[in-house]
Amino acid sequence: MNEEMKKIFGSFLLVTVAIACVGAFFAGAITVGERGEYNLNMTKYAVMSFSGSSEKLEADFSENRLTVSFPEKEIRSFTEKFVCLTPFSPFYYLLKGINAFKQ
């Protein structure tokens with residue numbers, strides 16, 4: 001691996017780790033905030049649930065509960081169309097080839 005590729009790969013890993021750390025920080029801050037509200041005021045947690053059973057994107061918010069139903073087929077076709085642009089494409093196509101070989 002030449003020096004330029006090492007530099008690019010190193011910067012990619014740095015950015016990926018930084019994004020993961022920021023995401024973990026905000027998830028932790030939200031969790032601590034919700035638990036603190038519950039312990040101080042005895043308010044119920046805000047609950048979010050997901051399902052993939054509908055044909056269109058639907059969201060319902062009632063009584064501190066958010067329910068989101070999303071079209072699983074459309075999301076799967078969208079991700080399959082753009083997986084070649086991600087770093088996960090070799091693994092995706094490897095698993096797809098293995099499954100095709102099994103059948």
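The values are calculated or read from the model by the stated rules, or taken from the named source; none is laboratory data. The structure displayed is predicted, hence computed values, not measured ones. Because the Cβ atoms are built from the backbone with ideal geometry, glycine has one as well, and the counts that use them run over all protein chains shown. SASA here: full protein model, heavy atoms, side chains in, ligands and nucleic acids out. Shrake-Rupley method; radii C 1.70, N 1.55, O 1.52, S 1.80 Å.
The table that follows gives values for the structure above.
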| quantity | calculated |
| --- | --- |
| With Cα atoms, 0 to 90° folded angle of helix 72-82 axis to the chain main axis | 40 degrees |
| Gain upon complete extension [Met5, Asn39; 0.36 nm per residue less C-alpha separation] | 7.2 nm |
| Cα long-axis angle, helix 89-102 against the chain (0 to 90 degrees, to the nearest 10) | 80 degrees |
| Tensor-based shape of the chain (alpha-carbon gyration tensor, a/c under 1.5 rounded, otherwise prolate or oblate) | oblate |
| Cα-centred dipole magnitude for the chain, charges only on beta-carbon of K, R (+1) and D, E (-1), debye, nearest 20 | 360 debye |
| Sites Ser89 and Asn64 - FRET efficiency at Förster radius 30 Å, r taken between beta-carbons, to 0.05 | 0.15 |
| Computed [θ] at 222 nm, helices only, for the chain once each DSSP H run of length n ≥ 4 contributes -39500 (n - 2.57) | -21500 deg cm²/dmol |
| Protection-proxy order for peptides 3-11, 89-97, each taking the mean of Cβ atoms within 10 Å per residue, highest first | 89-97, 3-11 |
| Accessible surface ranking that places the most exposed of Phe25, Phe12, Phe70 first, with a 1.4 angstrom probe | Phe25, Phe12, Phe70 |
| Phe88 accessible area, 1.4 Å probe, all protein chains in place, Å² to nearest 10 | 140 Å² |
| Anchor Lys102: lysines whose Cα lies under 25 Å away (excluding residues fewer than 8 positions away in-chain) | Lys73, Lys81 |
